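Participant: I have a structure here, written as C-alpha cells, and I will follow up with some questions on it.
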Amino acid sequence: MSIEAKQVLDLIIRPTLNLLEMQSLSAQKLMLITGMLETGFDYLKQHPEGPALGWWQMEPATFFHLCSYIRRKKALHQKVLSIIFTDMLLPFEALVWNLRYACILARIQYWQHEEPLPAHTDMNGLASYYLKYYNGGGKGTKARFLEMANQVNDLFLPAKPLILIA
C-alpha cells in the first residue's frame with residue numbers, strides 16, 4: 001500500500017516548503033522524487049534492518065548533522081521550531097511520526113549546500129543534484145530518478161482553465 005504522490009505533494013511537501021520559505025518547482029520535484037526513490041511512500045523504516053527513518057530515509061548521522069546545522073542558523077532554527085510547534089528540535093524517531101519534520105530535514109539536506117537547485121525543467125540536473133547531495137552512495141541512479149520524474153510529470157503541469165458554457 002502506498003500513498004498517492006499527489007497527496008504527498010499537496011498535503012505535506014508544498015505546505016512545508018511554503019512555511020520554510022524554500023518553495024520552488026525545482027524543490028517540489030526534488031522532494032517528491034527523492035521520497036519516491038527512497039521509500040515510494042510505502043514504509044517509514046529502512047528495509048529490512050537499516051537505521052534510516054522516514055519517507056525520505058534519513059540516517060542518524062545525517063539527522064544529527066542537520067540538527068547541529070539548524071541550531072547554528074538562528075533564523076532557520078526559529079523558523080523550524082515555529083513550523084513544528086515546539087521549543088526544541090524533535091528526536092530522530094520523530095521522522096517516523098512527524099511527516100512535516102521529516103520533509104523539513106530532507107529539504108534542508110539539499111538547501112545547506114551553496115550550489116543552487118537546477119531549473120525545474122532540467123531533470124538531468126535535478127537527478128545529478130539528488131545523487132550528489134542526497135544519495136550518492138545508495139541505491140539511487142540517474143535512470144531511476146528520471147523514471148520517477150516521468151511518472152509524476154503531470155502533477156506539475158499548469159492547471160487547465162475552467163471553461164463555463166452558458
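The values are calculated or read from the model by the stated rules, or taken from the named source; none is laboratory data. Quick caveat: nothing in here was measured; it's all calculated off a predicted structure. So basically every Cβ, Gly included, is an ideal-geometry build from the backbone, and we count neighbours across all protein chains shown.
Participant: Would it be correct to say that G50 is closer than 28 Å to L157 by Cβ, out of contact with any Pro (no Cβ under 8 Å at 6 or more places or on another chain) and among the small types (G, A, S)?
Facilitator: Details: closer than 28 Å to L157 by Cβ: no; out of contact with any Pro (no Cβ under 8 Å at 6 or more places or on another chain): yes; among the small types (G, A, S): yes.
So G50 does not fit the description; no.
Participant: Scan region 84-108 for residues that are among the aliphatic types (A, V, I, L, M) and either surrounded by fewer than 21 Cβ atoms within 10 Å (Cβ to Cβ) or more than 16 Å from Y133 (Cα to Cα) (or both) and jot them down. Break it down stepwise before answering.
Facilitator: So in region 84-108, the residues among the aliphatic types (A, V, I, L, M) come out as 84, 88-90, 94-96, 99, 102, 104-106, 108.
I84, M88, L89, L90, A94, L95, V96, L99, A102, I108 - these are the residues of region 84-108 that are among the aliphatic types (A, V, I, L, M) and either surrounded by fewer than 21 Cβ atoms within 10 Å (Cβ to Cβ) or more than 16 Å from Y133 (Cα to Cα) (or both).
Participant: Quick one: would you say K29 is among the basic types (K, R), in a helix (DSSP H, G or I) and loosely packed, with under 13 Cβ neighbours inside 10 Å? Explain how you work it out, then say what you get.
Facilitator: Values: among the basic types (K, R): yes; in a helix (DSSP H, G or I): yes; loosely packed, with under 13 Cβ neighbours inside 10 Å: no.
In short, no.
Participant: Moving on. From the list L66, L44, L81, L20, pick out the single residue that is closer than 14 Å to Y101 by Cβ and modelled with pLDDT under 95. I'd like the intermediate steps shown before the answer.
Facilitator: On the way: L66 fails: modelled with pLDDT under 95; L81 fails: modelled with pLDDT under 95; L20 fails: modelled with pLDDT under 95.
On inspection, the qualifying residue turns out to be L44.
Participant: Filter region 27-72 down to the residues that are closer than 17 Å to N135 by Cα and among the hydroxyl-bearing types (S, T, Y) and list them by number.
Facilitator: T34, T39, T62
Participant: Same structure, new question: Determine, yes or no, whether D10 is acidic (D, E), part of a helix (DSSP H, G or I) and without any contact (Cβ under 8 Å) to a residue 24 or more places away in the chain.
Facilitator: yes
Participant: Let me ask something additional. If you take just the helices (runs of 4 or more DSSP H) that sit entirely in region 73-166, which of them hold at least 1 residues that are touching an Asp or Glu at 6+ places or on another chain (Cβ under 9 Å)? Show your work before the answer.
Facilitator: Working: elements: 74-83, 94-97, 99-111, 123-133, 142-152.
Ranges flagged: 74-83, 99-111, 123-133.
Participant: Out of (1) touching a residue at least 40 places away in the same chain (Cβ under 8 Å); (2) under 23 Å from M148 (Cα atoms); (3) part of a helix (DSSP H, G or I), the odd one out for W55 is which?
Facilitator: Single failed check for W55: (3).
Participant: Just wondering, is there one or more residues in region 64-72 that are among the hydroxyl-bearing types (S, T, Y), under 21 Å from A52 (Cα atoms) and loosely packed, with under 13 Cβ neighbours inside 10 Å?
Facilitator: Step one: of region 64-72, the residues among the hydroxyl-bearing types (S, T, Y) are 68-69.
With under 21 Å from A52 (Cα atoms) added as a condition, the list becomes 68-69.
Adding the requirement that they be loosely packed, with under 13 Cβ neighbours inside 10 Å leaves 68.
The answer is yes; a qualifying residue exists.
Participant: Separate question: Against the definition (of a type in the set (K, R) and in contact with a Ser or Thr (Cβ under 7 Å, 6 or more places away or on another chain)), how does R72 come out, yes or no? Lay out the reasoning, then the answer.
Facilitator: Numbers: of a type in the set (K, R): yes; in contact with a Ser or Thr (Cβ under 7 Å, 6 or more places away or on another chain): no.
The answer is no for R72.
Participant: What residue, among those in region 32-52 that are part of a helix (DSSP H, G or I) and among the hydrophobic types (A, V, I, L, M, F, W, C), is nearest to the chain's Cα centre (by Cα)?
Facilitator: Of the residues in region 32-52, the ones part of a helix (DSSP H, G or I) are 32-38.
Then drop every residue that is not among the hydrophobic types (A, V, I, L, M, F, W, C), which leaves 32-33, 36-37.
Details: L32: 6, I33: 8, M36: 10, L37: 11 Å.
Checked region 32-52; the qualifying residue nearest to the chain's Cα centre (by Cα) is L32.
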